[in-house]
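First comes the structure, then the notes that go with it.
The values are calculated or read from the model by the stated rules, or taken from the named source; none is laboratory data. These numbers were taken from a predicted model, which means no experiment stands behind them. Here the Cβ positions follow ideal geometry from the backbone for every residue, glycine too, while neighbour counts run over all protein chains shown. The area values use the complete protein model at the heavy-atom level, side chains included, leaving out ligands, DNA and RNA. Shrake-Rupley method; radii C 1.70, N 1.55, O 1.52, S 1.80 Å.
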Amino acid sequence: MAEVSKHQVEKALEAIVYPGSGKSIVSLGMVSEIFIADAKAYFSITVPADKASEMEPLRLAAEQAAKSVPGISGAVVALTADRKPGQQQAARPAAAAGRAPAQPQAPRGTKVGVPGIGAIIAVASGKGGVGKSTTAVNLALGLQAIGLRVGILDADIYGPSLPRLLKISGRPEQLEGRIIVPMENYGLKVMSMGFLVDEEAAMIWRGPMVQSALMQMLREVAWGELDVLVLDMPPGTGDAQLTIAQQVPLAGAVIVSTPQDLALIDARKGITMFRKVEVPLLGIVENMSYFIAPDTGARYDIFGHGGAKAEAERIGVPFLGEVPLTISIREMSDAGTPVVAAEPNGPQAQIYREIAEKVWARIGAGERKAAPRIVFE
């Protein structure tokens, strides 16, 4: 079967008329960039904020129109509210094709856990380029090395890294009832948007689409029984981070920074965000803390040294450890063989295991009860 084009889906959506206008949602410019992956169409519809609560029939009609296109087996459609000054923004989460009506949203301040998962921790950074994803992967493997059942979710929709870092390719299996089976490698259960789209695909999504995709990857995946789920967060303090912090019962957050002042400035913003939404701070990791020349053994503090530790002491947050800048960590990450898995007895793996032990101790491993088992009916 020939590949379905965005134009075919857009053509089908031209039949959907916005109420009272006599014009299609396409001609009115209400439809976002259409993204197609795995025979599913993803897009959002921008509607006036004061009409958002009335637009569910429009969303359903657009979903059905997309599914009518030969080669499209499902659709994920979100309503995005176009807010005007003085109006409160409203948005409805995306709905997967054929899914049951959405459950009522939990009251503000209520966070619904994921069945089967004992603790969820976020690995975050104030900016990109500080080695957050590499740290998240090796932290997950470090937690596994101390005897825990661990999964990892790539929460960076725009720039997923886990498929490459963990050398995983292919598409995940989908069970009946929209539940996705996570991919696996090195004993970790893994989910990432990178498994659903091509590596070079540009994700041109508005905030509500990102938020909906995150919640689906978290709650509609067959994680099974895990002691810990590590969330590799996107850099910064935007919609994705706020959505997770407000809707997911995080056991805590690990902040990754390099030693220099510029990175620490941004790390403080992440720390401030988690504190404002009452997420415990498990500690700070100083990544690329120092460099040991492989030929001479000489140490160089390329980005300075000790900045993250000093910052942790200043604000009263635990300091979890220093990870050196080494050629082996870089080469193994690029090759999809994380250092904790590839060289479990090496000095770098030992550093990550010690960080993992501190993190697990901080979230109260001895007091945490197992979450209920997932049941598929």
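In table form, for the structure just shown:
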item	result
Pairs with Cβ under 9 Å, 6+ apart, first in segment 152-181 and more than 20 Å from Met332 (Cα to Cα), second of a type in the set (S, T, N, Q) and open to solvent by 40 Å² or more (accessible area, probe 1.4 Å)	Ile180/Gln174; Val181/Gln174
Single residue of segment 221-239 satisfying the filter (open to solvent by 10 Å² or more (accessible area, probe 1.4 Å) and under 15 Å from Val210 (Cα atoms)) that is modelled with the highest pLDDT	Pro234
Residue satisfying condition, being modelled with pLDDT under 75, among the hydrophobic types (A, V, I, L, M, F, W, C) and exposed (fewer than 15 other Cβ atoms within 10 Å of the Cβ), within set Ala106, Ala95	Ala106
In segment 21-47, the residues that are over 27 Å from the mean Cα position of the chain (by Cα), of a type in the set (A, V, I, L, M, F, W, C) and open to solvent by 30 Å² or more (accessible area, probe 1.4 Å)	Val26, Leu28
Where Ile265 falls short, out of the listed (1) within 13 Å of Ser125 (Cβ to Cβ); (2) β-branched (Val, Ile, Thr); (3) in contact with a strand residue (DSSP E or B) (Cβ under 9 Å, 6 or more places away or on another chain)	(3)
All positions within segment 140-160 that are out of contact with any Pro (no Cβ under 8 Å at 6 or more places or on another chain), in a loop (DSSP other than H, G, I, E, B) and not small (Gly, Ala, Ser)	Ile146, Leu148, Arg149, Pro160
Odd one out for Val375 among (1) open to solvent by 80 Å² or more (accessible area, probe 1.4 Å); (2) within 29 Å of Ile168 (Cα to Cα); (3) modelled with pLDDT of 85 or more	(3)
Among the candidates Ala267, Ala349, Ala308, Ala245, residue that is touching a Pro at 6+ places or on another chain (Cβ under 7 Å) and part of a helix (DSSP H, G or I)	Ala308
Selection count, segment 290-317, where residues are in contact (Cβ under 8 Å) with a residue 12 or more places away in the chain and either touching an Asp or Glu at 6+ places or on another chain (Cβ under 7 Å) or open to solvent by less than 40 Å² (accessible area, probe 1.4 Å) (or both)	10
Hits in segment 48-60 - residues which are among the aliphatic types (A, V, I, L, M) and either under 17 Å from Ala15 (Cα atoms) or more than 28 Å from the chain's Cα centre (by Cα) (or both)	Met55, Leu58, Leu60
Candidate set: segment 174-184, residues that are assigned to a loop (DSSP other than H, G, I, E, B) and at pLDDT 85 or above; chosen: the one surrounded by the fewest Cβ atoms within 10 Å (Cβ to Cβ)	Val181
